[in-house]
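To keep things clear, I will list the structure first and then write my remarks on it.
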Amino acid sequence: MEILTPCIIKYVCATVEFMFRKINSFCKDILLFSRLFYLVYPFRNLFLFLYNFSKLTDWISSKTAKMDRNDFYRPFRKYSDRINGYQYVLEKFSLDHQAIVYLEFGVASGVSFRWWMERAMHPESRFFGFDTFEGLPEDWGMFYKKGDMKHEIMTSDDNRHRFVKGLFQDVFTDFIRENHSELRSSKQKIIHLDADLFSSTLFILSQLYPYLRADDIIMFDEFSVANHEFFAVDVFQKAFYVRLEPISGINNFYQTIFKVASGKA
């Protein structure tokens, strides 16, 4: 009897678990069939925002004290202060004295792109800028519509740079094939993601995943926009088991800089 008791308990537990699984599946199917959740469908974007904003709040609470530097909390943002983050990274990793591969997604007028070219002066450094130069490919939040933020391509006499015009999803895979050796080189990569959109940010992160190495730098220009860059980074780390370690936060984490950490998330 003493030998049979554990077997009986195990059998009962397995049976109960099987029943709960069946009940769970049955309830889900009934809900799908009933279309009951059509009632909350109009509020889906609000629910997604509340979910992501709560996660962003938790992220900030857990990271603020651990970061090398940040200015949280400040009552008013000053967009030009994002340069402070660039300068900090430049000095911390001595990027002005070594060859780097700089990739910027969302070049716009080229202010940040030019800043990096003028300071990372190693002759073997390479600078690649990606943009449609025709504005946003889709609406972004409540205030920016498709086609907003259109810019002309900046000009420069520095022959270390190249611009790639077009939708990231259309041009970046070809770029990878053509520049595979550059992306695989030992040069430290500085990746500036000013892509704004969830779709654009997640696409680029997923495409760059095979080429990321420990201590590569990834900079985000609108990180604290909960449903876009923050959401994309959260999904990317979970899907690819990548750990991004925040090292700088400017303008209440609107501009946030990470280094790729060694090991998996």
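Within the stretch 87-99, restricting attention to residues that are charged (D, E, K, R) and without any contact (Cβ under 8 Å) to a residue 40 or more places away in the chain, which residue is farthest from L167 (Cα to Cα)?
Among residues in the stretch 87-99 that are charged (D, E, K, R) and without any contact (Cβ under 8 Å) to a residue 40 or more places away in the chain, the one farthest from L167 (Cα to Cα) is E91.
So, of the residues in the stretch 208-247 that are part of a strand (DSSP E or B) and in contact with a Ser or Thr (Cβ under 7 Å, 6 or more places away or on another chain), which turns out to be surrounded by the most Cβ atoms within 10 Å (Cβ to Cβ)?
Across the stretch 208-247, the extreme among qualifying residues is F220.
Out of N159, N179, which single residue is touching a Phe, Trp or Tyr at 6+ places or on another chain (Cβ under 9 Å) and in the same structural domain as Y88 (by TED's automatic domain parsing)?
Just one listed residue meets the conditions, N179.
Would you check which residues across the stretch 17-48 are aliphatic (A, V, I, L, M) and closer than 29 Å to N227 by Cβ and list them?
Selection gives L31, L32, L36, L39, V40, L46, L48.
Residue-by-condition table, conditions (1) touching a residue at least 24 places away in the same chain (Cβ under 8 Å); (2) assigned to a loop (DSSP other than H, G, I, E, B):
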site	(1), (2)
P75	no, yes
G85	yes, no
V101	yes, no
F113	yes, no
P123	yes, yes
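Looking at (1) surrounded by fewer than 21 Cβ atoms within 10 Å (Cβ to Cβ); (2) at pLDDT below 95; (3) not in a strand (DSSP E or B), which is the only condition D196 fails?
Evaluating D196 over (1) surrounded by fewer than 21 Cβ atoms within 10 Å (Cβ to Cβ); (2) at pLDDT below 95; (3) not in a strand (DSSP E or B) leaves (1) as the failure.
Just need a number here: residues in the stretch 144-186 that are assigned to a helix (DSSP H, G or I), charged (D, E, K, R) and surrounded by 13 or more Cβ atoms within 10 Å (Cβ to Cβ).
1
So which residues in the stretch 16-73 are among the basic types (K, R) and either surrounded by 12 or more Cβ atoms within 10 Å (Cβ to Cβ) or assigned to a loop (DSSP other than H, G, I, E, B) (or both)?
Within the stretch 16-73, R35, K55, K63, R69 meet the criteria.
The values are calculated or read from the model by the stated rules, or taken from the named source; none is laboratory data. What you are looking at is a predicted structure, and each value in this text was computed from that prediction instead of being measured. Glycine gets a Cβ as well: all are built from the backbone with ideal geometry, and neighbour counts include every protein chain shown.
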